[in-house]
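Q: Can you keep this structure in mind? I'll have questions shortly.
The values are calculated or read from the model by the stated rules, or taken from the named source; none is laboratory data. Everything quoted here is computed from the prediction, not taken from an experiment. With ideal geometry, Cβ positions are generated from the backbone for all residues, glycine too; neighbour counts draw on all protein chains shown.
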Ligand code: ACO
């Protein structure tokens, strides 16, 4: 019997009594064909394969439920809109870590170890904030004793540390000294205080807090899955979160609120909205802040953030414009894609909120990462509590076993 591509010790389908690749090769040989034989590509099995793991159930979670058809997002069963209306980010993070709802839960920002501060000072000033945050989390891990299994205390400490680190880097790159955490402030006002050197007003802090709640958790997205894969090897929580930040850095995941800002600026005025939207689509461009892989209904986070943006004291001037553009965009998208529901996503209203609280667009992705710390670390705890190494299979499509050319 000829050897399969992987040799007899690793038959792809042992139950067949013959590796599938060999069967396929034999079939190919038997079938009359004018095509030259393909010696470079061998399919070794025909088990179902879904590119991007789309639709594959890769685990179980009791943390977040994303109901794309009905536009619902639940954290441990609670609706996102209710959590934004009645909770704070620390309360929501604590809910994700422990399952307990304590609306008064307090979590200030944490201290930055000296070695981490030295690392941040050593970075070039033009370092991207996502790179600085990923580096800071990694350096933080080197200063801690992070034994297995990860604990809620570790989750709390890391979630509290990262806003201080990002704020410190944002100041260092402007030639300013970092600001010490204020333990009397909760995490989100504390972050703004360390960023700007002055305490934020209540409405500004509340608006960013709402954004943090909306960003806290979203099921098995790419960065969360990364964190689970890393912790499943019995690595540590800092490694899991720095890997997750690296995953979120990619433009397909890290979001588009800064591009929404750019787009609204380009539109300029409500009267120009219709022509601009139609031209952009005709050029083959995507309208930033619309469409979603999972949601077929209005993203409930966008609804919650729109409410926050509309209720803000210092509303950015262009919020009215954003609302006018949204109406036009939804109408045109429905007209051009009648068979596919393309609705507003979270990024669209994240943009006005992040602008209004005074963040520069280059800080948007790293701020999104800060908000997702609660979800990442909660998934780390959940994975570790019922751990199994995550190690899927791949379908081999390379050359069959062969001799090295001599
Ligand atoms: N603007 C214009 N057309 C769109 C948009 C959009 N925002 N989104 C989808 N379409 C069109 C596509 O061109 C495609 O048309 P076609 O069938 O004629 O080729 C059709 O709708 C389906 O598009 P898909 O790419 O299959 O949709 P998918 O679900 O894979 O994409 C995605 C989701 C990537 C979010 C997409 O809607 C998009 O690019 N949106 C703009 C960017 C954005 O807002 N990103 C943030 C997402 S939220 C987050 O990441 C937290």
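Q: Any residue at all in the range 288-299 that's more than 30 Å from residue 228 (Cα to Cα) and either modelled with pLDDT under 90 or assigned to a loop (DSSP other than H, G, I, E, B) (or both)?
A: no
Q: With the condition kept exactly as written, say whether any residue in the range 311-328 is near the ligand (Cβ under 8 Å from one of its atoms), outside the structural domain of residue 208 (by TED's automatic domain parsing) and touching a helix residue (DSSP H, G or I) at 6+ places or on another chain (Cβ under 6 Å).
A: No: the range 311-328 contains no residue that is near the ligand (Cβ under 8 Å from one of its atoms), outside the structural domain of residue 208 (by TED's automatic domain parsing) and touching a helix residue (DSSP H, G or I) at 6+ places or on another chain (Cβ under 6 Å).
Q: To continue, here is another question. Looking at 335, 347, 274, can you tell me which residue is over 23 Å from residue 376 (Cα atoms) and touching a residue at least 24 places away in the same chain (Cβ under 8 Å)?
A: 274
Q: Still on this model: Evaluate the range 226-234: report whether one residue or more is surrounded by fewer than 20 Cβ atoms within 10 Å (Cβ to Cβ), away from the ligand (no atom under 16 Å from the Cβ), in a loop (DSSP other than H, G, I, E, B) and not assigned by TED's automatic domain parsing to the domain that holds residue 186.
A: Within the range 226-234, not a single residue is surrounded by fewer than 20 Cβ atoms within 10 Å (Cβ to Cβ), away from the ligand (no atom under 16 Å from the Cβ), in a loop (DSSP other than H, G, I, E, B) and not assigned by TED's automatic domain parsing to the domain that holds residue 186.
Q: Tally the residues that are within 22 Å of residue 120 (Cα to Cα) and assigned to a helix (DSSP H, G or I), restricting the search to the range 144-172.
A: 19
Q: Can you name the residue in the range 350-369 that is assigned to a helix (DSSP H, G or I) and away from the ligand (no atom under 15 Å from the Cβ) and is also farthest from the chain's Cα centre (by Cα) among such residues?
A: Filtering first and then ranking leaves 356.
Q: Spot the failing condition for residue 308; the list is (1) part of a helix (DSSP H, G or I); (2) near the ligand (Cβ under 8 Å from one of its atoms); (3) touching a helix residue (DSSP H, G or I) at 6+ places or on another chain (Cβ under 6 Å), and only one is missed.
A: Failing condition for residue 308: (2).
Q: Something else: Looking at 362, 403, which one is outside the structural domain of residue 169 (by TED's automatic domain parsing), more than 27 Å from residue 62 (Cα to Cα) and without any contact (Cβ under 8 Å) to a residue 24 or more places away in the chain?
A: None of the other options fit; the residue is 403.
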